[in-house]
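Notes for the one structure printed next.
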Amino acid sequence: MFRTIRKNILASLMTLVCCQLPAADFVRGADLSWCTEMEADGMRFYDRNGKETEIFQLMKQIGLNAIRLRVWVNPEQQYGPWSDKTDVLEKCRRAHAAGLDILIDFHYSDCFADPGKQTKPVAWQGHSFEQLKTDIANHTKDVLQAMKDEGIEAKWVQVGNETSSGMAYDDGRIMWNTSFLDASWTNYATLSNAGYDAVKEIFPNAFVIVHHDNGSADNSSFYQTFKQHGGKFDMIGLSCYPDWSDWQNSNTLAAQQVQNLHNTFHVPVMVVETGFSTWDTTKGSGEEQTGDSKLAENVFKDLFGKMEKQSGCKGILYWEPEVYGGWEHYIDENGVTIKNNGAYGKYVSCNGAFTKDGKAALALLVFGNGTTDFDACSNNSADEHVRYYNMQGMQIDASFSGVIIMRKDGKAFKIIRR
């Protein structure tokens, strides 16, 4: 009789499982590079029930399977002791202990690198082009070897961050609209390859990523030109930040471009950065809000729904979701370190995906298990009509860790992952 019950449960839930559970190999992750700096400032993180939880363990509990961490060369004087090799190794240990895969993002700078700012580390300035190649290779191998020595693997490695205009200015800058354009592409590809080859020397099976900032646009010409000048990559990484007023179209365009890049270059594509305001600015000041914006939740449900349909898309990572509560940090602006007055960490326009009391917001729960019902078992545990089953059809207690099938009055109504 038990076998019959189990068979009926599994049969009735098969469609529901396929619709709600994420693909096993689809990356659902987050960049948590700021977390150690936040912790040093006294910030703490909590589960949805208010229990303080170590941030990497919390990501695992929510259902994320990967972490992205940026690496700077020598940020001590310009920014502070964050995202250098020592700090990154600490976060790698914690991510590894939590069972999370790791993506290492080399900026090849002492601070943030992006499409308009690819400043060489101070220690590398004045070096010849040949020495710069060696600098990039040695830095890459130094960090990755330190990981390997501790038994920690980098599954993916970015050789540069948002290198849409090149890297390590001015040696690797793409000189648009000049007579040096062709030569500059060769220089950029050569420096990028120095990183590529260094990665393969330490982790031969790692996917090496070349990262572009504008994921909703057609970037095929960028990668085509890069390849024509000898550039190498195993995976394409994109930043895709949905437009506030037209997010559905942004997501649609990004999904189309992901598949277009995959079809053109025959490599997997991953959204390595995304984010969206978790505050509902129509409801007054940020202090009156929880940060659980239904709009942000819907934006990412839509993004996941569209990206998971693309055979070329291998995952999505949220950029710095852990920021919350008006946390103030410092950034480099044109060579001057200033207190950030921008969106991240501020109440009304906060792209972080935590509530103001340090709990994962609805938007981040979508990254975990494809639903915001992460705490559904505790919410329904008092209902005597609710029963819990594992994937084998065996009745279990609500405290079970794993995939839980919830039934009420004989009917399945929810599948969650704890």
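With respect to being open to solvent by 30 Å² or more (accessible area, probe 1.4 Å), of a type outside the set (S, T, N, Q) and under 17 Å from the mean Cα position of the chain (by Cα), ASP213 fits the description.
In this structure, SER109 qualifies as within 30 Å of ILE136 (Cβ to Cβ), more than 16 Å from the chain's Cα centre (by Cα) and part of a loop (DSSP other than H, G, I, E, B). Candidates are the residues of the stretch 18-40 that are at pLDDT 90 or above and out of contact with any Leu (no Cβ under 9 Å at 6 or more places or on another chain); the one that is surrounded by the fewest Cβ atoms within 10 Å (Cβ to Cβ) is ALA40.
Conditions (1) open to solvent by less than 50 Å² (accessible area, probe 1.4 Å); (2) of a type in the set (A, V, I, L, M, F, W, C); (3) at pLDDT below 95, marked per residue:
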| position | (1), (2), (3) |
| --- | --- |
| SER277 | yes, no, yes |
| GLY286 | yes, no, yes |
| ASP292 | yes, no, yes |
| GLY305 | yes, no, no |
| GLU328 | no, no, yes |
| ASP357 | no, no, yes |
| ALA361 | yes, yes, yes |
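Here GLY231 clears all of (1) in contact (Cβ under 8 Å) with a residue 40 or more places away in the chain; (2) small (Gly, Ala, Ser); (3) within 22 Å of GLY352 (Cβ to Cβ) except the condition numbered (3).
Looking at the structure I just gave you, is GLY195 closer than 17 Å to LEU69 by Cα and either among the aromatic types (Phe, Trp, Tyr) or part of a strand (DSSP E or B) (or both)? Taking the combined requirement at face value, the residue does not satisfy it.
For the stretch 128-168, the set of residues classified as buried (at least 20 other Cβ atoms within 10 Å of the Cβ), touching a helix residue (DSSP H, G or I) at 6+ places or on another chain (Cβ under 8 Å) and either of a type in the set (Val, Ile, Thr) or assigned to a loop (DSSP other than H, G, I, E, B) (or both) consists of ILE136, THR140, VAL143, ALA154, VAL157, VAL159, GLY160, THR163, ALA168, listed by residue number.
One residue stands out among those in the stretch 248-258 that are touching a residue at least 24 places away in the same chain (Cβ under 8 Å) and more than 19 Å from the chain's Cα centre (by Cα): the one that is farthest from LEU295 (Cα to Cα), which is LEU253. When each of ASP197, ASP171 is tested for being open to solvent by 10 Å² or more (accessible area, probe 1.4 Å), over 21 Å from the mean Cα position of the chain (by Cα) and within 19 Å of GLN125 (Cβ to Cβ), the lone residue that passes is ASP171. Which ones in the stretch 58-82 are surrounded by fewer than 17 Cβ atoms within 10 Å (Cβ to Cβ) and within 24 Å of ASP357 (Cβ to Cβ)? Answer for the stretch 58-82, where residues must be surrounded by fewer than 17 Cβ atoms within 10 Å (Cβ to Cβ) and within 24 Å of ASP357 (Cβ to Cβ): there is none.
Looking for something outside any helix (DSSP H, G or I), of a type in the set (S, T, N, Q), closer than 21 Å to LEU365 by Cβ and at pLDDT below 85 - is there at least one such residue anywhere in the stretch 254-274? No, the stretch 254-274 contains no residue that is outside any helix (DSSP H, G or I), of a type in the set (S, T, N, Q), closer than 21 Å to LEU365 by Cβ and at pLDDT below 85.
Filter the stretch 86-106 for residues that are of a type in the set (D, E, K, R) and assigned to a helix (DSSP H, G or I); which is nearest to LYS60 (Cα to Cα)? Checked the stretch 86-106; the qualifying residue nearest to LYS60 (Cα to Cα) is ARG94. Pairs please, first residue from the stretch 280-301 and under 14 Å from GLY325 (Cβ atoms), second anywhere and part of a helix (DSSP H, G or I) and at pLDDT below 90, Cβ atoms under 8 Å, 6+ apart in sequence or on different chains. Correct list of pairs: GLN289/LYS283. Within the stretch 44-57, the set of residues being touching a Gly at 6+ places or on another chain (Cβ under 7 Å) and either open to solvent by 30 Å² or more (accessible area, probe 1.4 Å) or β-branched (Val, Ile, Thr) (or both) comprises ARG44, TYR46.
The values are calculated or read from the model by the stated rules, or taken from the named source; none is laboratory data. Bear in mind the structure is a predicted one, so any value in this text is a computation, not a measurement. Reconstructed Cβ throughout: ideal geometry from the backbone, glycine too, with neighbour counts over all protein chains shown. Ligands, DNA and RNA are stripped out before the accessible areas are found, and what is left, the full protein with its side chains, is counted by its heavy atoms. Shrake-Rupley method; radii C 1.70, N 1.55, O 1.52, S 1.80 Å.
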